[in-house]
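Working notes, structure below.
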Amino acid sequence: MAGEILVIGGGIAGLTAAIEAAETGYDVILVEKNPYLGGRVSQLNKYFPKLCPPFCGLEILFKRMKSTPKLKYFTSAEVLEISGEEGNFFVKVRLKPRYVNDNCTACGACRDVCPVEVPDDYNFGLKTKKAIDIPTIMAMPFKYYIDDRYCDKCGECVSACKYNAIDLNEEEKIIDLNVSSIVVATGWKPYDATKLDNLGYGKFKNVITNMEMERLASLNGPTGGKIQTMDGRPIETIAFVQCAGSRDENHLPYCSAICCLASLKQATYVREQYPDAKIYIFYIDIRAFGRYEDFFTKVKADENIELIKGKVAKVEEADGRLVVTAEDTLTGVKTKREVDMVVLATGMQPAIDPIPGIDLDEYGFVKPKPGIFPAGVAAMPMEVASANESATAAALKAIQLARR
């Protein structure tokens, strides 16, 4: 029987599962498709339950990783297929070229000379970056990588590097793994807001998603943490639109669990920077489960935050401002609000692409099967605390199988 445990996905759930399994003495291999670890949590300004920045949680995990010799990880790695059975899985993994090796000191000389500006995916295109860059100040591993979708192989970075850290001729590799059990922690992606024609995303520049709001509010984001309109104006009025793509048979028919709390949290971001701003939250039902009910009660008590029970029918633009139209279902009256910015609480979709050997349900979430254990949002929508709990449970199941 194979003894190693494979964890697919290097977000907070995958890191938790991998570290906890490795710290018990089992050999663990972690693969992550991005060139860095940290996942969605690293993109947040603050996260529940403590409303702390991601630094505090991820730094602890990264420190534990470095002191855990049983854990080996690969970034820019993609699982192609899984065969075999519990206790004896065969896994084919593609390692994409990073073009930058471990000699990199992250000095930045390569970035300084790179002539190619590209969209910054980490910041959802709200700013640009160089074709060779580090995605975030807390990237793990903390070394540069080349985005080969845009790099023209001009060689300027090679000439600037004093440490022989760049190889533009690096090629992808295929590795074969034999593992006893697999934890799938592939995380989530925001629902594509361009599919919500009536809400104006992609048409009006000041209609953004909730994940874009997280980046605007983050100190390491495109505006240095300053929440403002896309043309640089301060926020006087703002609307949060709940269930943007969730609980809708035309889009995602399920509730994404955490979106209401995310908008309530983001309302506090706005309040901190703009004490007099007027904030509107349009909702179908407010979901604030368990211990988060107190947080909802606190936000609701803010006299400048108005909760309007009603599904938004449309977002339009008039005289440079956005107009949000909805029916207030408590009063039966059609209501309109003029605002500077609209934030769409887009639903959570599983991020996993189909992989032979992994079973998905009708919504694309991972189904458990003998020897394969989903964790975090790969299994269902949930917040960070629940994702970590599910990761610990998945790690325990993987360990039990590896011990046989």
_Rounded accessible area of Cys110 (nearest 10 Å², 1.4 Å probe)_ = 10
*Could you provide, to the nearest whole Å², the per residue accessible area of the range 1-157 with probe 1.4 Å?*
43
_Share of carbon and sulfur in the accessible heavy-atom surface of the chain [1.4 Å probe, %]_ = 49
*Full-stretch length increase - Leu80, Asp102 - with 0.36 nm per residue and alpha-carbon distance subtracted*: 5.4 nm
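For Thr392 and Asn304, compute 0.36 nm times the residue count separating them, minus their Cα-Cα distance, and round to one decimal in nm. List each step's numbers first, then the result.
Values: separation 88, 0.36 × 88 = 31.68 nm, distance 4.02 nm.
27.7 nm is the gain from fully extending Thr392 to Asn304.
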_Whole angstrom only: what separates the Cα centroid of the range 111-154 from the Cα centroid of the range 183-208?_
22
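Nearest-5 percent of antiparallel DSSP beta bridges in the range 1-89? Can you show the working numbers first?
Working: 3 of 11 bridges.
Given both bridge residues lie in the range 1-89, the antiparallel proportion sits at roughly 25 percent.
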*Rough spin-label spacing in nm, given labels placed 7 Å along Cα→Cβ, for Leu219 and Asp361*: 3.9
*asked:* What distance in nm separates the two pseudo spin-label positions at Glu338 and Thr297, each 7 Å out from Cα along the beta-carbon direction?
replied: 3.8
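With all protein chains present and a 1.4 Å probe, how do Met65, Met230 order by accessible area, largest first?
On the way: Met65 15, Met230 75 Å².
Ranked from most to least accessible, the order is Met230, Met65.
From the Cα gyration tensor of the chain, with a ≥ b ≥ c the square roots of its eigenvalues, which class applies: rounded if a/c is under 1.5, or else prolate if a/b is larger than b/c, or else oblate?
Details: a/c = 2.07, a/b = 1.39, b/c = 1.49.
Here the chain falls in the oblate category.
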_With every protein chain kept in place and ligands, DNA and RNA left out, what is the accessible area per residue of the range 247-301? Probe 1.4 Å, answer in Å²._
47
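Please give the per residue accessible area of the range 305-400, computed with a probe of 1.4 Å over protein heavy atoms only, in Å².
Details: 4190 Å² over 96 residues.
Heavy-atom accessible area per residue stands at 44 Å².
Starting from the Cα-Cα distance between Asn164 and Asn178, subtract it from 0.36 nm times their residue separation and give me the gain in nm to one decimal. Mind dumping the intermediate values first?
On the way: separation 14, 0.36 × 14 = 5.04 nm, distance 3.36 nm.
Here the answer is 1.7 nm.
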*Before anything else, pin down the relative contact order of the range 238-324: Cα pairs under 8 Å, at least 6 apart, normalised by residue count, whole percent.*
29
*Treating the angle as unsigned and between 0 and 90°, give the value, to the nearest 10°, between the Cα long axis of helix 384-402 and the longest Cα principal axis of the chain.*
20
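Which value in deg cm²/dmol, rounded to the nearest 500, describes the helix-derived mean residue ellipticity at 222 nm for the chain, given -39,500 (n - 2.57) per DSSP H run of n ≥ 4 and division by the residue count?
Details: 8 runs with 85 residues, N = 404.
Helices in the chain give a 222 nm mean residue ellipticity of -6500 deg cm²/dmol.
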*Given a cut-off of 18 Å, name the pairs among Lys265/Lys334; Lys309/Lys336; Lys314/Lys334 whose C-alpha atoms lie farther apart than that in the structure shown.*
Lys265/Lys334
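The values are calculated or read from the model by the stated rules, or taken from the named source; none is laboratory data. All values reported here derive from a predicted model rather than from experimental measurement. All Cβ positions, even for glycine, are placed from backbone atoms using ideal geometry, and neighbour counts span all protein chains on display. The area values use the complete protein model at the heavy-atom level, side chains included, leaving out ligands, DNA and RNA. Shrake-Rupley method; radii C 1.70, N 1.55, O 1.52, S 1.80 Å.
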